[in-house]
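Below: the structure, in structure tokens.
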Amino acid sequence: MPKSLVITDELLAALYDHNILPKFNSAPPDKGRYGWMHAGDVLTFHQSVTIEENVGIYGGAYKGFPGGLKSHGFASVGSFTYSFSALPEPLTVGRYCSI
């Protein structure tokens with residue numbers, strides 16, 4: 001069953017504190033914005049996602065092929081991994097990967 005999560009200023013601050021960067025060389029969250037994320041946005045998760053510390057998720061929301069599943073841009077990602085591409089939710093990426 002899908003679960004929804006509202007992005008809050010506290011969540012943005014926690015992502016920053018754990019070095020989860022939504023943009024290359026991300027500045028700290030400011031005025032409800034952190035990279036491509038905005039406070040008040042609602043994310044719908046269809047499965048569990050785990051994101052370890054020290055990662056870069058620079059691609060933003062994932063847009064699949066026509067008729068495909070769109071995704072919020074969060075996938076399970078291991079430490080010291082970064083991606084300049086949008087990632088679909090069902091994807092699992094290990095540690096020390098660059099995409």
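Read the figures in this text as sums done on the coordinates, not as results from a lab. Remember, predicted model here, so these are calculated numbers, not experimental data. Don't worry about glycine lacking a Cβ; one is built from the backbone with ideal geometry, like all the others, and counts go over all protein chains shown.
Can you give the three extents of the C-alpha atoms in the chain along their principal axes, from longest to shortest, in whole Å?
Principal axes ranked by extent give 35, 31, 22 Å for the Cα atoms.
Suppose we keep just the DSSP beta bridges with both residues in the chain; what percent of those would be antiparallel, to 5?
So the antiparallel bridges amount to about 50 percent of the total.
About its Cα centre, what dipole magnitude does the stretch 3-93 give when the only charges are +1 on Lys and Arg Cβ and -1 on Asp and Glu Cβ, stated in debye to the nearest 20?
360 debye
Return a whole-number percent for the relative contact order of the chain, with Cα pairs under 8 Å and 6 or more residues apart as the contact set.
Reported relative contact order: 24 percent.
Select from the stretch 1-37 those chymotrypsin sites (Phe, Trp or Tyr not before Pro) which occupy a DSSP coil region and have at most 16 other Cβ atoms within 10 Å, ordered by residue number.
Counting only loop positions with at most 16 other Cβ atoms within 10 Å, the chymotrypsin sites (Phe, Trp or Tyr not before Pro) in the stretch 1-37 are 24, 36.
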